[in-house]
Amino acid sequence: MVLTTTVRRTVPAMALAASLVVLGTGCGGRSGSGGAHPVPDSAPDTATASHGSGAGGGTDADRVVFFSAAPKDPADRHQVLHDAGEVTRYAAAFAEHDPQAQARIVAAGRATDFTRQVLVGWTAATGCSAATTAALAVSGDRLDLHVSQPKPPPECLAAFHVSVVFQVARERIPAQPVFG
């Protein structure tokens, strides 16, 4: 009888502890390059932009065309999209359960002149606070995602992800990009 009562109390406590450990592992702040990064100042090879319609930074050829920061759990992914077919496949895989996001990404592809530009799609965990802006840094063959976000709260109930699609001048993207 005593053993049964002890097991009844221990199992729920262990389940709660395991849940907290799992939630805690997804809540550390980070960007697509492995660490928390503020949006860089105006470095010459960095395109920065606010989320939303693409206004707010960079040039017309270097801007954010899709931005979402939510406690969803898409897989971390990154890809250079060279044509409308790649954009459609990326949008279908990324936004399988979000038709509005899928439509917005496909529309960004239709508005892109792929003879002069490419799209770079990037999704990454940002920890316990939602990203407010994103920037793509290009240095040699390396592409890095940098996000700006507020300080996370002391408790973490769900990890956030940032999903962003950048429109970038084709000549800025290396032939064999290395994603940081």
- Message: Kindly evaluate Ala75 against the criterion of being in a loop (DSSP other than H, G, I, E, B) and modelled with pLDDT under 95.
- Response: yes
- State which residue is nearest to the chain's Cα centre (by Cα) when the search covers only the stretch 130-155 and only residues that are surrounded by 19 or more Cβ atoms within 10 Å (Cβ to Cβ) and assigned to a loop (DSSP other than H, G, I, E, B). Ala131
- Query: Taking the stated definitions as given, is Thr123 closer than 29 Å to Asp83 by Cβ, in contact with an Asp or Glu (Cβ under 9 Å, 6 or more places away or on another chain) and hydroxyl-bearing (Ser, Thr, Tyr)?
  - Reply: yes
- Query: Can you find a residue in the stretch 111-125 that is modelled with pLDDT under 95, assigned to a loop (DSSP other than H, G, I, E, B) and surrounded by 12 or more Cβ atoms within 10 Å (Cβ to Cβ)?
  - Reply: no
- Every pair of residues 6+ apart whose Cβ atoms lie under 7 Å, when the first sits in the stretch 167-180 and is part of a helix (DSSP H, G or I) while the second is open to solvent by 20 Å² or more (accessible area, probe 1.4 Å): Arg170/Arg116
- For the stretch 81-89, state whether one or more residues are under 17 Å from the mean Cα position of the chain (by Cα) and open to solvent by 30 Å² or more (accessible area, probe 1.4 Å). no
- Answer yes or no as to whether Leu157 is of a type outside the set (Gly, Ala, Ser) and touching a strand residue (DSSP E or B) at 6+ places or on another chain (Cβ under 7 Å). no
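The values are calculated or read from the model by the stated rules, or taken from the named source; none is laboratory data. Predicted model, so just to flag it, every value in this text is computed and none were measured. Heads up, the Cβs are rebuilt from the backbone with ideal geometry, glycines too, and the neighbour counts pull from every protein chain shown. The accessibility values were calculated without ligands, DNA or RNA, using every heavy atom of the protein model including side chains. Shrake-Rupley method; radii C 1.70, N 1.55, O 1.52, S 1.80 Å.
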